[in-house]
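Taking it in order: structure first as structure tokens, then the write-up.
The values are calculated or read from the model by the stated rules, or taken from the named source; none is laboratory data. Please read these numbers as outputs of a predicted model, since none were measured by experiment. Here the Cβ is made from the backbone with ideal geometry for all residues, glycine too, and neighbour counts use every protein chain on show.
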């Protein structure tokens, strides 16, 4: 059975909202850096800008555990 470990990274964003840009400026750098360390993108959780709960993008990575 393959086992995985997971890692989350929070990227704080400013200026989110219904009429603001939805570009994530640090995403490309984050993906490249984590990929060099063996992490694979699993999921990106975008903030709910319509209700203003969060201004952060959560990026979830996984990699296979080597035993």
- In segment 1-27, the residues that are modelled with pLDDT of 85 or more and exposed (fewer than 13 other Cβ atoms within 10 Å of the Cβ): 1, 2, 3, 4, 5, 6, 8, 10
- Task: Scan segment 28-47 for residues that are assigned to a loop (DSSP other than H, G, I, E, B) and surrounded by 14 or more Cβ atoms within 10 Å (Cβ to Cβ) and jot them down.
- Result: 39, 47
